[in-house]
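Student: The following block contains the structure, expressed as structure tokens.
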Amino acid sequence: MKKKIFMLLAMVCYMTGLAACGSSNQEAEIRETVDGFYTASQAGDYSAMRDFVTGDFDALEEFLELGDLNAEDLLEESVEAFGIEADDFTQETKTAFENLLNVMIENVIRQYEIVEVNADRESAVVTVEWVTAYSDPSNMESVIGMDGDLEQILEDYRAEHAEELDALEAAEGEDAVTAEIFNRLFPDAFAEAAENVAGLADVEMRSELILVQQEGKWLINEMKGDGVSADEN
């Protein structure tokens, strides 16, 4: 009888050990998924984030829109109302805008930390604290310091350089004048905006990620959270 009891206790201890080991492996796999998601975001590789989420993770589409941004196309779209195209911009202007776009993406998630993992066999809730530069992404022009009246800026510059630009218009047309003004103003404006973004204060965010198991992998299915500015703490 004592031998049987001893064997039973040994089996219980053995199974408990296996369970603890399984729990440890489970948490490691969950953390690996969350790390992969945030690391891909920090790198601006939004397409890679697909590997860490379920197919119905709606928030991913917003990230993918960022990943689809092409600096030259975005630059052209922003000035199409003025009748000029990307080919009208100098390489200096294009490079300055691409740098601004990269800086903006890099500051979406400045850093992050997984602070808590709660999981059972089928689902998990992971709490992540992360830092961004943007307290109000919906007002991005103001955030980066480019919320002035663009048409007025162009008119003012043209008035200051009327003789030179009138000659250019006579030779090449109005669109050439607009492109010339953009190419003179934009490189410095984009560089200043990039500096503004890099200098923004940290905004602390706290998110809850809901993970589920699909095909033997832990994937993010939902994200919840709110943010508090570091200056308010």
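Student: Which residue out of I144, I153 is modelled with pLDDT under 90, surrounded by 12 or more Cβ atoms within 10 Å (Cβ to Cβ) and under 30 Å from I114 (Cα atoms)?
Tutor: Details: I153 fails: under 30 Å from I114 (Cα atoms).
Just one listed residue meets the conditions, I144.
Student: Here is a further query. Evaluate the following for E180: is it open to solvent by 80 Å² or more (accessible area, probe 1.4 Å) and either modelled with pLDDT of 90 or more or within 23 Å of L74 (Cα to Cα) (or both)? Give the derivation first.
Tutor: Working: open to solvent by 80 Å² or more (accessible area, probe 1.4 Å): no; either modelled with pLDDT of 90 or more or within 23 Å of L74 (Cα to Cα) (or both): yes.
When the stated conditions are applied, E180 does not pass them.
Listed here are the residues, each with its yes/no results for (1) assigned to a strand (DSSP E or B); (2) small (G, A, S).
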residue: Y157; (1), (2): no, no
residue: D166; (1), (2): no, no
residue: A170; (1), (2): no, yes
residue: L185; (1), (2): no, no
residue: A194; (1), (2): no, yes
residue: L209; (1), (2): yes, no
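Student: I've got another one for you. Could you list, in sequence order, the residues of segment 196-220 that are open to solvent by less than 50 Å² (accessible area, probe 1.4 Å) and of a type outside the set (A, V, I, L, M, F, W, C)?
Tutor: S207, the sole residue that qualifies.
Student: Please specify each residue of segment 71-93 satisfying the condition of being at pLDDT 80 or above and polar (S, T, N, Q).
Tutor: Selection gives T90, Q91, T93.
Student: For segment 75-106: of the residues being of a type in the set (S, T, Y) and under 29 Å from T132 (Cβ atoms), which is least open to solvent (accessible area, probe 1.4 Å)?
Tutor: The initial filter retains those residues of segment 75-106 that are of a type in the set (S, T, Y), namely 78, 90, 93, 95.
After this cut, where a residue has to be under 29 Å from T132 (Cβ atoms) as well, the list is 78, 93, 95.
Values: S78: 70, T93: 0, T95: 73 Å².
Of everything passing the filter in segment 75-106, T93 is least open to solvent (accessible area, probe 1.4 Å).
The values are calculated or read from the model by the stated rules, or taken from the named source; none is laboratory data. This structure is a prediction, so every number in the text was calculated from the model and none was measured. All Cβ positions, glycine included, derive from the backbone under ideal geometry; neighbour counts span all protein chains shown. With ligands, DNA and RNA removed, areas are computed over all heavy atoms of the protein, side chains included. Shrake-Rupley method; radii C 1.70, N 1.55, O 1.52, S 1.80 Å.
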